[in-house]
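Only one structure is covered here, and it is reproduced in the block below.
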Amino acid sequence: MMKLGSIGKERDEQSLGNLFEIEFDKVIDNIMDKRTYPEDKRKVQINIIFIPGQDRERVRIAYDIKTTLAPIMGGNTEFDIFEEDDGELIIRPTVSSSKIKGQVDIRDMLPDADGVYQEEE
């Protein structure tokens, strides 16, 4: 009796069973990724094709495995581009100008000319 763990082993390749385990792990990682939609279906598709020889005494098995994962949710972000006096472009995330009391703003944490961050006094 042929088992999934035997398919692919004859050439020192990973068996179809091992390939499934790899794809299964990808599905679990995708399900746990909070950037994906939780209800989206994921799919592991295994195709096994039997190709008999003309004499019917030898059969070649071709196989492939395809995984469909949930996409990362879309979104948007903004960034600011500043040109330094020397012409170098600085790119950094846009920071909202509205602050909640006690909230730290990236502009409050910019390094001085020597690259040292000032400590609060």
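The values are calculated or read from the model by the stated rules, or taken from the named source; none is laboratory data. Keep in mind the model is a prediction, meaning the values are calculated, not measured. Counting neighbours? That spans all protein chains shown, and the Cβs are built from the backbone with ideal geometry, glycine included.
Is it the case, given these coordinates, that GLU39 is among the acidic types (Asp, Glu), free of Cβ contacts under 8 Å to residues at least 12 places away in the same chain and surrounded by fewer than 10 Cβ atoms within 10 Å (Cβ to Cβ)? Step through it out loud before you land on a result.
Details: among the acidic types (Asp, Glu): yes; free of Cβ contacts under 8 Å to residues at least 12 places away in the same chain: yes; surrounded by fewer than 10 Cβ atoms within 10 Å (Cβ to Cβ): yes.
Considered against the rule, which asks whether it is among the acidic types (Asp, Glu), free of Cβ contacts under 8 Å to residues at least 12 places away in the same chain and surrounded by fewer than 10 Cβ atoms within 10 Å (Cβ to Cβ), GLU39 comes out as yes.
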- Query: Does ILE61 meet the test of being over 23 Å from the mean Cα position of the chain (by Cα) and surrounded by 10 or more Cβ atoms within 10 Å (Cβ to Cβ)?
  - Reply: yes
Scanning the stretch 11-63 residue by residue, the ones that are assigned to a helix (DSSP H, G or I), touching a Leu at 6+ places or on another chain (Cβ under 9 Å) and of a type in the set (Phe, Trp, Tyr) total 1
Across the stretch 33-60, the tally of residues that are in contact with a helix residue (DSSP H, G or I) (Cβ under 9 Å, 6 or more places away or on another chain) and under 19 Å from GLU21 (Cβ atoms) stands at 5
When (1) part of a loop (DSSP other than H, G, I, E, B); (2) free of Cβ contacts under 8 Å to residues at least 12 places away in the same chain; (3) of a type outside the set (Ser, Thr, Tyr) are applied to PHE82, the one that fails is (1)
Scanning the stretch 64-79 for residues that are at pLDDT 95 or above and not in a loop (DSSP other than H, G, I, E, B), the one nearest to SER15 (Cα to Cα) turns out to be LYS66
